Amino acid sequence: MEKKFLKDFELPQKNPPVESLEKWRKAVGSIILNRRRRFRYGANLDKRSQAASTRQEIRVALMVHKAALRFQDAARPEYKLSKETQQAGFGIEADDLASISRRHDAKGFRIHGGVEGISKKLSTSLQDGIKSSDAPRRQQIYGENKYTEKPPRGFWTFVWEAFQDLTLIILMVCAVVSIGVGVATEGLPKGMYDGVGILISILLVVMVTAVSDYNQSLQFRDLDKEKKKIFVQVTRDGHRQKASIYDLVVGDIVHLSIGDIVPADGVYASGYNLLIDESSLSGESEPVYVNPDRPFLLSGTKVQDGSATMLVTAVGMKTEWGHLMETLSEGGEDETPLQVKLNGVATIIGKIGLVFAVLTFLVLSVRFGVDKMINNEIAHWSSGDAMTLLNYFATAVTIIVVAVPEGLPLAVTLSLAFAMKKLMSDKALVRHLSACETMGSATTICTDKTGTLTTNRMIVDKLWLSGRDKVIRANDVILETTDNVLSILSEVIFLNTAAEVVKDHDGNTSILGQPTETALLKLGMSMKSDFDTFRKQYEIKNVEPFSSVRKNMSVLVALPEGGCRAFCKGASEIVLGMCNRMIDENGHSVDLSSEKVKLITDVINGFASEALRTLCLAFRDMDDGCDEKRIPKEGYTLIGVVGIKDPVREGVKDAVRTCLAAGITVRMVTGDNINTAIAIAKECGILTDGIAIEGPEFRKKSLEEMKEIIPRIQVMARSLPSDKHTLVKNLRMLGEVVAVTGDGTNDAPALHESDIGLAMGIAGTEVAKDSADVIILDDNFSTIVNVARWGRAVYVNIQKFVQFQLTVNIVALLLNFVSACVAGSAPLTAVQLLWVNMIMDTLGALALATEPPNDGLMKRPSVGRNANFISRAMWRNIIGHSIYQFTILIILNFAGKQLLNLSGPDSLTVLNTFIFNTFVFCQVFNEINSREIEKINIFRGLFSNWIFIGIMVATVAFQTIIIEFLGTFASTVPLSWQLWLLSILIGAVSLPLAVVLKCIPVEFRSSRHQHDGYDALPNGPDQV
């Protein structure tokens, strides 16, 4: 049924096409009271179209510039500097410098003396960088590395947007007319009470709405600030250090490595095999090599391979990326599937409410006209009659206000914003709103091992060196090894590394680099070897950085005594396969026999079975000459095997157990040795009754074999990024909702393919983070589980709010409509309905949509990908409570005077006040009931939720003020304590009624679990 009515409101969980976004907008039609507010956090399709045009213009401009510059031989005009630039001590203008990289102007580059000439004109040292004290002066001349953004909206902007509600505008007009007519007929001040009451109610609704929306915007603003915390490595003041990309200035020396996003326009200074993906700007799918002959680097492009340093030549709005980001930032974020679905629910309910409102007005007006005809007054109309009809119209309009649940889609945003803020404090940065929502449906998590399940604090624990018969501890390497072997071991550690040993201003030494590199450098430094001494003796000719595809790193160096030597380190089996010789105990090179290969393989497996990460270290002397463009892939001499210890994180085993209890399968996908992977997987509790498989074996499987084996795979070792992508793709085809972790550049396809991409905040590259939906700031698996917990909480909280709001909707509509048809009047006035609307909309969302997760959420199965959002249990509760409330209130409306023994001239006003009070207390207790849809114990965790308690207290307090002190404006009179008590008791009956309703079975399944994520009715005290 839900799918039939909401077929136009279905949205893919990730990367929805423009057609889907346009389709649901058209389906909503005009049933939106406040379009600005409803679409505030949705995608701006016009701006996105503009951004696409801007991107295309940039691509065309790049191609035109490149083509034009090939034929540009004309002499250039004499170069002139502005006085401001000269006084600052620079020799090139900002616009001229920016155009060199942007236009790939090779001729201009040469005219200014290449990278050395430009660095001199910028007063920059290519070795030591700029002076930090010069940064402000450079920002003044060349600009800041920031793009133009829309200024944040202030509080009064949200007040103005809240006033844009069409029905509120109509009610304000009615209120003004009511004041005018009332004053004319009844005089001051009596004649203005009704109109002023409506105006005060509207002002209250607007202010509460604006405060809520403004707080949401502050939360999103804080999250945006966190998203922008991107750091790069720069050389300043002669030291390599971290700097925010927003602090970069022209003249900075930036270090680039695999997975980085180029943070500004610049030119290549030095490096090896730098491969750049320019598709984000140029649209070219093929990456390009950047080198001294093609030195131009553009902001926003991605480093696919190699490493380099670049000289920054343009920042911020001087770059094409800056102009593109200015437009992209206005495009907004895609709506979440739940937001769109609730927009559909709101549209359907709104149409029903509009029909009821029109019918109510027609019935009241026709009855009024018939009464005048019966009394022969049809030809005589007074201002009092006009006021009566105006009140009827105001009541009908207010019914629309109550009936159209504007708060439904916005409640999702509120709940997501609340969850995202809490997750931020728990070390998870949600980049896309939909991810937080989708994570609650995850059925599989494909996780990396290193740094996610383990601490990523690596140390070399054991070594096998120079053909020895025994393994030695890292601490004993000096005592157990000859000088010849130590010397070559130092070379392979210090020369074949992407890390650096740096000293800060105080002279303290630290290591910048990946944990594996850091562990090896610490070993090298423990051998009393000096990093800088070694590096200065050798000239590095070529470098092939480690990648998840090669699984090794190689370097080619020129030796001080002449000749070249290649060094290689990496995955044990791969590097061992590249060797045909080995070092013996005396440091001499000998043949690598099959017996030695078997011995070394046993050593590798022995290390791996102890959960050690294994690396082989090797070298090759280039006796046949040194080709700087090629590093050999074979013929190496093995130095030894290193076993690196990386302990399992505390709490991971419990987190995995929590996932299994929640019906979430955890699969480890790692590039490590299979024995290491199995040992860690068993320690974490991941490998239970499933299978462990290696990537090469997995790749050989046919599609049918993959489909058969994939559900049983719990560990995949020696995998390539393409294996992870294939696994994720097939899992999704099997109906799984897949979350996948990634940290490398090549993990981007898998992160993009998954339902939820999780990038590592510490070990992850910027390319991986850019492709991810959530960034795990502490790289901890337990944080991933926490994201799933909050995702489930968001889904369930919205279900609670929808159940509560639909109950209020149904009762308010039926009560006023039936009363209008039968009695010719509506018991709830416009002011009262506005207060009810605020209770069920803004306040209800705050109370129910911000409930923190409880442990029970992770003891239930995931919500199915195609499950109905409004479950049978919800319909049972909605219908049951609606029948009770409507029955009580309609009886009071027609027989209340007799039942309550009311008499006197104000008996009708007292009755209507009592009905209004009873209705509100029914909602107060129903809101408490809505905290649990299935479980009986609705008070668990209640007194630790201060937001909920605060809203309940505020609702009751203001209701008391309305009844006792604001009767003149709200059409109420003070009630006796007996009537107050009776109102509360009638509302409180909802509590035992809820227990009875929850005993009615609605899910006909053999399993105790339901599709909506709730347990079936508990049968023990611990489950209640």
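The values are calculated or read from the model by the stated rules, or taken from the named source; none is laboratory data. As the structure is a computational prediction, the values presented were derived from the model and not from experiment. All Cβ positions, glycine included, derive from the backbone under ideal geometry; neighbour counts span all protein chains shown. Heads up: the accessible areas ignore ligands, DNA and RNA and are worked out on the full protein's heavy atoms, side chains in. Shrake-Rupley method; radii C 1.70, N 1.55, O 1.52, S 1.80 Å.
The criterion of at least 1 residues that are in contact with a Cys (Cβ under 8 Å, 6 or more places away or on another chain) is met by the following helices (runs of 4 or more DSSP H) wholly inside the stretch 495-608: 572-577. Checking each residue of the stretch 193-213 against the condition of being at negative phi, open to solvent by 40 Å² or more (accessible area, probe 1.4 Å) and part of a strand (DSSP E or B) gives no match.
When Lys229, Lys242, Lys225 are checked against the criterion of being in a loop (DSSP other than H, G, I, E, B) and farther than 30 Å from Asn391 by Cα, Lys229 stands alone in meeting it. Going by the conditions given, is Thr887 hydroxyl-bearing (Ser, Thr, Tyr), free of Cβ contacts under 8 Å to residues at least 60 places away in the same chain, farther than 29 Å from Asp426 by Cβ and not in a loop (DSSP other than H, G, I, E, B)? Taking the combined requirement at face value, the residue satisfies it.
Per the conditions (1) among the β-branched types (Val, Ile, Thr); (2) more than 30 Å from Lys242 (Cα to Cα); (3) modelled with pLDDT of 85 or more; (4) surrounded by fewer than 24 Cβ atoms within 10 Å (Cβ to Cβ), the sole criterion not satisfied by Thr783 is (2).
Here Glu539, Glu595, Glu544 are screened, and the one residue that is under 25 Å from Gly764 (Cα atoms) and acidic (Asp, Glu) is Glu544. The criterion of at least 1 residues that are under 30 Å from Asp654 (Cβ atoms) is met, among helices (runs of 4 or more DSSP H) falling completely within the stretch 756-854, by 766-771, 781-822, 844-848. In this entry, Leu979 is excluded by the filter for residues that are part of a loop (DSSP other than H, G, I, E, B), at pLDDT 50 or above and out of contact with any Lys or Arg (no Cβ under 9 Å at 6 or more places or on another chain). Looking only at the stretch 933-956, which residues are free of Cβ contacts under 8 Å to residues at least 12 places away in the same chain and either among the aromatic types (Phe, Trp, Tyr) or buried (at least 20 other Cβ atoms within 10 Å of the Cβ) (or both)? Phe939, Phe943, Trp946, listed by residue number.
If I filter the stretch 260-277 down to residues being of a type outside the set (A, V, I, L, M, F, W, C) and part of a loop (DSSP other than H, G, I, E, B), which single residue comes out as least open to solvent (accessible area, probe 1.4 Å)? Checking each candidate, the answer is Pro263.
Going by what's in this entry, would Leu122 be described as touching a residue at least 60 places away in the same chain (Cβ under 8 Å), closer than 30 Å to Asn215 by Cβ and not charged (D, E, K, R)? Judged against the criteria, Leu122 is not a match. Taking (1) more than 25 Å from Gly864 (Cβ to Cβ); (2) of a type in the set (Asp, Glu); (3) open to solvent by 50 Å² or more (accessible area, probe 1.4 Å) in turn, Asp743 satisfies each apart from (3).
Checking Val254, Val249 one by one, the residue that is outside any strand (DSSP E or B), more than 24 Å from the chain's Cα centre (by Cα) and in contact (Cβ under 8 Å) with a residue 24 or more places away in the chain is Val249 and no other.
The rows are residues; the columns are (1) under 24 Å from the mean Cα position of the chain (by Cα); (2) open to solvent by 10 Å² or more (accessible area, probe 1.4 Å).
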residue: Leu848; (1), (2): yes, no
residue: His881; (1), (2): no, no
residue: Gln885; (1), (2): no, no
residue: Gln898; (1), (2): no, yes
residue: Phe914; (1), (2): no, no
residue: Thr918; (1), (2): no, no
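Considering the stretch 547-586, the residues that are charged (D, E, K, R) and out of contact with any Phe, Trp or Tyr (no Cβ under 9 Å at 6 or more places or on another chain) include one that is most open to solvent (accessible area, probe 1.4 Å), namely Glu561. Of the residues making up the stretch 772-817, those that are farther than 22 Å from Thr447 by Cβ and polar (S, T, N, Q) are Asn797, Gln799, Gln803, Gln805, Thr807, Asn809, Asn816.
For the stretch 478-489, the criterion of being under 40 Å from the mean Cα position of the chain (by Cα), modelled with pLDDT under 80 and in a loop (DSSP other than H, G, I, E, B) is met by none of the residues.
Here's the yes/no breakdown for (1) in contact with a helix residue (DSSP H, G or I) (Cβ under 9 Å, 6 or more places away or on another chain); (2) open to solvent by 30 Å² or more (accessible area, probe 1.4 Å); (3) among the aliphatic types (A, V, I, L, M):
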| residue | (1), (2), (3) |
| --- | --- |
| Val232 | yes, no, yes |
| Lys242 | no, yes, no |
| Ile258 | yes, yes, yes |
| Ser279 | no, yes, no |
| Val290 | no, no, yes |
| Gln304 | yes, yes, no |
| Ala308 | no, no, yes |
| Thr313 | yes, no, no |
| Met317 | yes, yes, yes |
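Checked against (1) open to solvent by 50 Å² or more (accessible area, probe 1.4 Å); (2) closer than 30 Å to Ala867 by Cβ; (3) within 16 Å of the chain's Cα centre (by Cα), Lys707 meets all criteria but (3). None of Thr741, Thr807 is among the hydroxyl-bearing types (Ser, Thr, Tyr) and touching a strand residue (DSSP E or B) at 6+ places or on another chain (Cβ under 8 Å) except Thr741. Within the stretch 333-392, the residues that satisfy the criterion of being of a type in the set (A, V, I, L, M), under 47 Å from the mean Cα position of the chain (by Cα) and open to solvent by less than 40 Å² (accessible area, probe 1.4 Å) are Leu338, Val340, Leu342, Val345, Ala346, Ile349, Ala357. Does the stretch 244-258 contain at least one residue that is more than 23 Å from Thr745 (Cα to Cα) and out of contact with any strand residue (DSSP E or B) (no Cβ under 8 Å at 6 or more places or on another chain)? For the stretch 244-258, residues more than 23 Å from Thr745 (Cα to Cα) and out of contact with any strand residue (DSSP E or B) (no Cβ under 8 Å at 6 or more places or on another chain): present.
So that you can scan it fast, the table gives a plain yes or no per residue for (1) touching a Leu at 6+ places or on another chain (Cβ under 7 Å); (2) free of Cβ contacts under 8 Å to residues at least 40 places away in the same chain; (3) surrounded by 15 or more Cβ atoms within 10 Å (Cβ to Cβ):
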| residue | (1), (2), (3) |
| --- | --- |
| Thr601 | no, yes, no |
| Ala608 | no, no, yes |
| Asp621 | no, no, no |
| Ile631 | yes, no, yes |
| Ile644 | yes, no, yes |
| Glu650 | no, yes, no |
| Cys659 | no, no, yes |
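For the stretch 86-102, residues that are in contact (Cβ under 8 Å) with a residue 12 or more places away in the chain and either touching a Pro at 6+ places or on another chain (Cβ under 7 Å) or more than 25 Å from Val262 (Cβ to Cβ) (or both) total 2.
Scanning the stretch 956-973 for residues that are farther than 19 Å from Leu843 by Cα and either touching a strand residue (DSSP E or B) at 6+ places or on another chain (Cβ under 7 Å) or aromatic (Phe, Trp, Tyr) (or both) yields Phe965, Phe969. Sub-7 Å Cβ pairs linking a first residue in the stretch 850-868 that is β-branched (Val, Ile, Thr) to a second residue that is open to solvent by 20 Å² or more (accessible area, probe 1.4 Å), at least 6 apart or interchain, are Thr850/Phe418; Thr850/Ile947; Val863/Tyr795, ordered by first then second residue.
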